[in-house]
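The values are calculated or read from the model by the stated rules, or taken from the named source; none is laboratory data. Not measured: the values here are computed from a predicted model. When we count neighbours, we look across all protein chains shown, and the Cβ atoms used for this are built from the backbone with ideal geometry, even at glycine.
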């Protein structure tokens, strides 16, 4: 029939559609490069996926309803300075520890779950870089944000992609204390033990 469309791009799109969350979108690395910064939405790195009838693994980028958007949440700090939570979580979802540096005070304290706290920007970046190497991808969805004075609380879920292509979604809550528009105390409450 003259209306049929064939080719690798169509096959990749069909396979990505199959692995997208309900109401969500998955795109390939090639498409991500083309649309980056042009749509007003942020796609989270979903890691490398092996999909049916495609020879090579595909780097997947995901968007889902409720995911942090490029023009999204900004919490006010106690001094009235904005802390762009959207950009913070976009930085986290890139899994590039250096992208977190602009959000952190030099004397930041970071704690993930029951792990011991880590002090100082460089140590915090190092511990995050180490964690980021243990997963193939991650994408945060923010459900709610509250701020009171210097304290900001947000909660939602994070979808991890393991190196074997499997996924794990877990709830999280983050409590931030800011100082002069930077994060001074950074606590993440999530059970990452199933990873």
Checking residue 47 against (1) modelled with pLDDT under 80; (2) closer than 28 Å to residue 181 by Cα, only one condition comes out false. Which one?
(2)
Looking at the stretch 128-147 only, could you name the residues that are free of Cβ contacts under 8 Å to residues at least 12 places away in the same chain and in a strand (DSSP E or B)?
146
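Residue-by-condition table, conditions (1) crowded, with 17+ Cβ neighbours inside 10 Å; (2) out of contact with any strand residue (DSSP E or B) (no Cβ under 9 Å at 6 or more places or on another chain):
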{"site": "140", "(1), (2)": "yes, no"}
{"site": "164", "(1), (2)": "no, yes"}
{"site": "169", "(1), (2)": "no, no"}
{"site": "172", "(1), (2)": "yes, no"}
{"site": "183", "(1), (2)": "yes, no"}
Is one or more of the residues making up the stretch 137-148 closer than 21 Å to residue 44 by Cα, modelled with pLDDT of 95 or more and touching a helix residue (DSSP H, G or I) at 6+ places or on another chain (Cβ under 6 Å)?
no
Run down 157, 193 and say which single residue is surrounded by 16 or more Cβ atoms within 10 Å (Cβ to Cβ) and modelled with pLDDT under 90.
157
Single condition residue 93 does not satisfy, out of (1) surrounded by 17 or more Cβ atoms within 10 Å (Cβ to Cβ); (2) at pLDDT 95 or above
(2)
Over the stretch 93-127, the set of residues part of a helix (DSSP H, G or I), closer than 20 Å to residue 189 by Cβ and in contact with a strand residue (DSSP E or B) (Cβ under 7 Å, 6 or more places away or on another chain) is 93, 103, 124, 127
Kindly evaluate residue 104 against the criterion of being modelled with pLDDT of 95 or more, more than 16 Å from residue 175 (Cα to Cα) and buried (at least 18 other Cβ atoms within 10 Å of the Cβ).
no
